1. Would you mind counting up the charge near residue 141? Only other residues with Cβ under 12 Å from its Cβ, with Lys and Arg at +1 and Asp and Glu at -1.
2. Once amide H atoms are placed 1.01 Å from N in the peptide plane, what residues at a sequence separation of 5 or more from residue 97, or on another chain, have their amide H within under 5 Å of its amide H?
3. Which helices, counted as full DSSP H runs in the chain, have an axial Cα extent of no less than 24 Å and a Kyte-Doolittle average of -0.5 or above?
4. Pairwise over distinct Cα atoms, reciprocal of the mean inverse distance: report the Kirkwood radius of the chain in Å, one decimal place.
5. Neighbour counts of other C-beta atoms within 10 Å: give me 199, 7 arranged from fewest to most.
6. Please get the size of the charge dipole for the chain, origin at its Cα centre, with Cβ charges of +1 on Lys and Arg and -1 on Asp and Glu, quoted in debye to the nearest 20.
7. Before rounding to the nearest 500, sum -39500 (n - 2.57) across all DSSP H runs of length at least 4 in the chain and divide by the residue total; then give [θ] at 222 nm in deg cm²/dmol.
8. Listing 75, 96, 153 from the residue with the fewest other Cβ atoms within 10 Å to the one with the most, what is the order?
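The numbers here are math on the coordinates, done by the rules we state, and not lab data. What you see is a predicted model; the values in this text were computed from it and never measured. Backbone-built Cβ (ideal geometry, glycine too); neighbour counts: all protein chains shown.
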Amino acid sequence: MKYNIEHNHQFLHVEFDTPTKILSSAILNGGFQNAKHFLNTKVDANFNGERTEFEKPQVSLARMVETNSWTGVCVGMMTAAIMKTFRKVHIEEQGVWIDALVTAGVSNARRAGDPADYKFMNEECEKVGTINILIVTNASLSDAAMVECLMMVAEAKAACMQDLNVKSRVSDNIATGTGTDSAAIACGDGPEVIYCGKHVLFGELLAKAVIQGITQSLQADK
């Protein structure tokens, strides 16, 4: 499994050598996809509240894909974190490797269960911050294992927030992430991995990669 990274002040673009199985919470082409591209792009934060109308995120992402002539399915995320926070962590053991590609900002830090900012279902959100994570592994994962990977990413992120003493901007309790985080897992056709939880080596390595990636990314944001 091979991929190339294009990184600049505006976006992080990953192009896979062949269409790759991805599960994500992404705005553009979320869920399960066989995708050729992954995009994490920066949007301007509405710090002073001057803007009242926003282009739908999926429209902006699709337009960027078209502008750059990236052919094939693209999984796309957005973040207000600056692109200089991008960090890649590589961990490899027993023929299995895991890469964590992270951009992070926590000005929108929240704890799961905090009171919601928006009180109506499907209300449009505009919040700064965001921890966006792409996990790439050569391991061959089942659909269930990929879901378990996303669970592990979420737990590792929460553990990292605790380690770094990041506080929720709403409750002042330890945050578990931000209000606008997104995550994706892309897997290959290498060694089969059935379980990805806390009892197994793959889960340990995955969590370590996520924690290292977020920690390094937030250090770059200072």
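1. Working: positive: 21; negative: 143, 148, 189, 192.
In short, -3.
2. 138, 139
3. Qualifying helices, which must be both long enough and hydrophobic enough, are 143-163, 201-220.
4. On the way: mean 1/r = 0.0567 Å⁻¹.
With all distinct Cα pairs of the chain included, I get 17.6 Å.
5. Numbers: 199 8, 7 16.
With the fewest neighbours first, 199, 7 line up as 199, 7.
6. Working: 20 positive and 26 negative charges, 80 e Å.
With Lys and Arg at +1 and Asp and Glu at -1, about 380 debye.
7. Details: 3 runs with 52 residues, N = 222.
Mean residue ellipticity at 222 nm (helix-derived): -8000 deg cm²/dmol.
8. The order, fewest Cβ neighbours first, is 96, 153, 75.
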